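A quick write-up on the structure given underneath.
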Amino acid sequence: MRIITVQYAQERQYVCVIMTKLTPDLLLHAYTTGHFPMSDRGIIRWYNPHPRGIIPLDERFHVPSRLGRTYRSGRYQLTADRAFVAVMRACALPRPHQPDTWIDEHFIDVYTELHRRGFAHSIEAWQNGQLVGGLYGVSIGGLFAGESMFSFARDASKVALIELVYRLRRGGFVLLDTQWVTAHLAQFGTYWMAQAEYLSIVQRAIHTPTTWIDDCIR
């Protein structure tokens, strides 16, 4: 195991722990301590950003008016946990700005096992019976750690994110971790949280009783 600290834009930094082994139990423990993994050609790198990107689950969550209309229009059928593996595979596809993927087959296998145990979930957006957008993440108590999203149709991933927030609110979740703040996420009110505050809230969140709102409950 090797530990390095990397400095990047705006004085933010993350601690990167380099390992080669990933298991479901290790993943669960890592998320409770603020770490998440990415794969780089078979090498697993664990990150713990400082500060941390957070999407608010209270009234600070902002839905732009155009996206709100799209969400309410019924353009996309929104579901939960209908196609977890398909969502992960879509998230793993190369993108114009990201030709290399950090989601490999080993990741898909381990996160799928978390899904079977009830600790990983997906939101899907469908159009004419085709999966066109979605996201997935890890759920421990009142913490939902968002991992990745994809879109094959305009705003499909954004609408899936809105659906996720509404379901988390109904289920009593208290923390939605997005790892970093990007331009894509900033429009929803995403903000930076200091690492110490984040880790403190995580410890409370993971012991908060919640309900994952699946399609049967919805």
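Structure above, values below:
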quantity	calculated
Given (1) modelled with pLDDT under 95; (2) surrounded by 21 or more Cβ atoms within 10 Å (Cβ to Cβ); (3) of a type in the set (K, R), index of the condition R167 fails	(1)
Neighbours by Cβ (under 8 Å, 6+ apart or cross-chain): first from segment 29-44, touching a residue at least 24 places away in the same chain (Cβ under 8 Å) and closer than 13 Å to Q179 by Cβ; second of a type in the set (G, A, S) and assigned to a strand (DSSP E or B)	Y31/A145; F36/A145
Odd one out for Q77, checked against (1) surrounded by 16 or more Cβ atoms within 10 Å (Cβ to Cβ); (2) within 25 Å of G172 (Cα to Cα)	(1)
Residues that are within 27 Å of P24 (Cα to Cα) and outside any strand (DSSP E or B), drawn from segment 139-164	G141, G142, S157, A160, L161, E163, L164
Qualifying residues in segment 170-185 (those that are touching a strand residue (DSSP E or B) at 6+ places or on another chain (Cβ under 7 Å) and outside any helix (DSSP H, G or I)) - the one surrounded by the fewest Cβ atoms within 10 Å (Cβ to Cβ)	W180
Residue match in segment 80-87 (condition: part of a strand (DSSP E or B), crowded, with 16+ Cβ neighbours inside 10 Å and either of a type in the set (G, A, S) or at pLDDT 95 or above (or both))	yes
Segment 98-138, residues that are surrounded by fewer than 22 Cβ atoms within 10 Å (Cβ to Cβ), part of a strand (DSSP E or B) and of a type in the set (S, T, N, Q)	Q98, Q127, Q130
Test result for S148, surrounded by fewer than 22 Cβ atoms within 10 Å (Cβ to Cβ) and touching a Cys at 6+ places or on another chain (Cβ under 6 Å)	yes
Residue match in segment 128-139 (condition: touching a helix residue (DSSP H, G or I) at 6+ places or on another chain (Cβ under 7 Å) and touching a residue at least 60 places away in the same chain (Cβ under 8 Å))	yes
Residue match in segment 204-214 (condition: within 26 Å of V110 (Cα to Cα), assigned to a helix (DSSP H, G or I) and in contact (Cβ under 8 Å) with a residue 12 or more places away in the chain)	yes
From A125, A80, residue being closer than 15 Å to I162 by Cβ, in contact with a His (Cβ under 8 Å, 6 or more places away or on another chain), hydrophobic (A, V, I, L, M, F, W, C) and not assigned by TED's automatic domain parsing to the domain that holds P37	A80
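So that you can scan it fast, the table gives a plain yes or no per residue for (1) at pLDDT 95 or above; (2) β-branched (V, I, T):
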{"position": "S151", "(1), (2)": "yes, no"}
{"position": "A160", "(1), (2)": "yes, no"}
{"position": "G171", "(1), (2)": "yes, no"}
{"position": "T190", "(1), (2)": "yes, yes"}
{"position": "E197", "(1), (2)": "yes, no"}
{"position": "C216", "(1), (2)": "no, no"}
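The values are calculated or read from the model by the stated rules, or taken from the named source; none is laboratory data. Predicted, not measured: the structure shown is a model, and the values here were computed from it. Heads up, the Cβs are rebuilt from the backbone with ideal geometry, glycines too, and the neighbour counts pull from every protein chain shown.
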